[in-house]
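Chemist: Input: one structure, supplied below.
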Amino acid sequence: MKKIITATFFNEINYGAVLQAYALQRKLIEISNKSIDCKVLNYEYNNNKQPKIRLSLNKGNLVYIYSIIMEKNYHKECDLLKKKFFDFVSNKIRKTDLYNTYNDVKNNPPEADLYIVGSDQVWNVEGSMGVIPSFDLKFVKNGVKASYAASTGISDNKSANWQNLIESLEDYKYISVRENKTRELIEKELNREVRVDIDPVFLLDKSKWNQLIEKESEVKNIKGKYILCFILLRNDMVGSVVRKLKKETGLPVKSIAIKPSRKNYGGKLLDVGPIDFINLIKNAEYVVTTSFHGAAFSILFNKNFYVMNNKSPQRIENLLNICGISNRMIHNKDDFDINPINYDDVNKRLKEYIQDSENYLHKLLSSIEVE
């Protein structure tokens, strides 16, 4: 049986991270007819002896916000939230043995025929340390190196760590990124073809996500229409947009929050697990978000949504352009389209991109002779 290792973010309280990791692994196993052994590299890239809940917020640079320390007084809702993420990762994502340091990975790397880095901002070069060790796949001694929808989170090559990333990509057999701008930058540096692929959550169709919801969502019997808010990044327009939408529709507001201090736009929910997150989007009438994956699942479930992201908009803009709905990115609090999205057109556009990305995964498997 051929072995595949994926390297990505997955052990965080971050809906997008765990769901994209799950989706890519499940899709690879699915298209191989369960003929591969596929695991995520279980590398504790931010190892620290102090117990904590790690909250990952994308602010142009992937910043690790250490909050809600595990002390006697911290909120039981956050304890439950952490448990829901832990249970999802433990039960839904197959992992390698734990590597506590990069030296452990480098000195005793997991053996595989194919190594895939991605998706998510695995190549974010804006931090002081650059790309997280192991996400450049420099530890690989034998086997095919590839990426899938990897994101740098940048729009130029001015970062001091950029050249280190480029050098690490020279021996990749296949390179796939998530944004057009990233493709252009890497192609110029390496003088070779680079693909743009859809985020892994789109590789599982709506029916697959529905099966997961029906079996395991703890949010049952959602009644009535509502506006769902999922706000990760501070944005001064959010409050105005929510108030205007609430006034126009007369609908109540539910807010998914990952820490108690997050601003409340109404009906705050603090213990929403990954599957419940999808379910709440599925049942919403409108979604207001600053999150890429908030927008992604809104599109998957054909929801009317609005997204605001003034820190690192490239990846969301790229997704909206693919779908032909760039007007759902709000730039002016007084100017947004309340009309419903034409999902007949969106789904047609998406189908082509998804099929092309699936073909790419088949190509990766074929490179190690998996039929």
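Chemist: Looking at region 54-80, which of the residues that are under 28 Å from Ile29 (Cβ atoms) and not charged (D, E, K, R) is modelled with the highest pLDDT?
Modeler: Among those that are under 28 Å from Ile29 (Cβ atoms) and not charged (D, E, K, R), it is Ser56.
Chemist: When the residues of region 316-349 are filtered to those that are surrounded by 14 or more Cβ atoms within 10 Å (Cβ to Cβ) and of a type in the set (Lys, Arg), which remaining residue is farthest from Thr182 (Cα to Cα)?
Modeler: My answer is Lys333.
Chemist: Moving on to the next point. Look at region 141-163 and say how many of its residues are buried (at least 21 other Cβ atoms within 10 Å of the Cβ) and assigned to a loop (DSSP other than H, G, I, E, B).
Modeler: Summing the residues that are buried (at least 21 other Cβ atoms within 10 Å of the Cβ) and assigned to a loop (DSSP other than H, G, I, E, B) in region 141-163 gives 6.
Chemist: I'm trying to understand the selection: among the residues of region 162-193, which are among the β-branched types (Val, Ile, Thr) and closer than 22 Å to Gln25 by Cα?
Modeler: Ile175, Val177
Chemist: May I pose another question? Could you check region 1-48 and list, in sequence order, the residues that are out of contact with any strand residue (DSSP E or B) (no Cβ under 6 Å at 6 or more places or on another chain), in a helix (DSSP H, G or I) and farther than 25 Å from Leu81 by Cβ?
Modeler: Hits for region 1-48 are Lys27, Glu30, Ile31.
Chemist: Within region 80-135, count every residue that is over 30 Å from Leu270 (Cβ atoms), aliphatic (A, V, I, L, M) and not in a helix (DSSP H, G or I).
Modeler: Residues in region 80-135 being over 30 Å from Leu270 (Cβ atoms), aliphatic (A, V, I, L, M) and not in a helix (DSSP H, G or I): 7 in total.
Rundown of residues vs (1) aliphatic (A, V, I, L, M); (2) at pLDDT 95 or above; (3) in a loop (DSSP other than H, G, I, E, B); (4) under 21 Å from the mean Cα position of the chain (by Cα), yes/no style:
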| position | (1), (2), (3), (4) |
| --- | --- |
| Asn332 | no, no, yes, no |
| Phe336 | no, no, yes, no |
| Asp344 | no, yes, no, no |
| Asn347 | no, yes, no, yes |
| Ile354 | yes, yes, no, yes |
| Ser357 | no, yes, no, yes |
| Lys363 | no, yes, no, no |
| Glu371 | no, no, yes, no |
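Chemist: Consider region 209-224. How many of its residues are in contact (Cβ under 8 Å) with a residue 60 or more places away in the chain and in a helix (DSSP H, G or I)?
Modeler: Final tally of qualifying residues: 4.
Chemist: Tally time: how many residues in region 215-254 are modelled with pLDDT of 90 or more and among the hydroxyl-bearing types (Ser, Thr, Tyr)?
Modeler: So the answer is 2.
Chemist: Take the residues of region 195-209 that are of a type outside the set (Asp, Glu) and within 12 Å of Tyr353 (Cα to Cα): which is surrounded by the most Cβ atoms within 10 Å (Cβ to Cβ)?
Modeler: This residue is Pro200.
Chemist: Need the failing condition index for Trp162 against (1) at pLDDT below 95; (2) within 25 Å of Leu98 (Cα to Cα); (3) of a type in the set (Phe, Trp, Tyr), just the number.
Modeler: The number of the failed condition is (2).
The values are calculated or read from the model by the stated rules, or taken from the named source; none is laboratory data. Fair warning: this is a prediction, and the values are worked out from it, not measured in the lab. Every residue, glycine among them, receives a Cβ derived from its backbone with ideal geometry; neighbour counts consider all protein chains shown.
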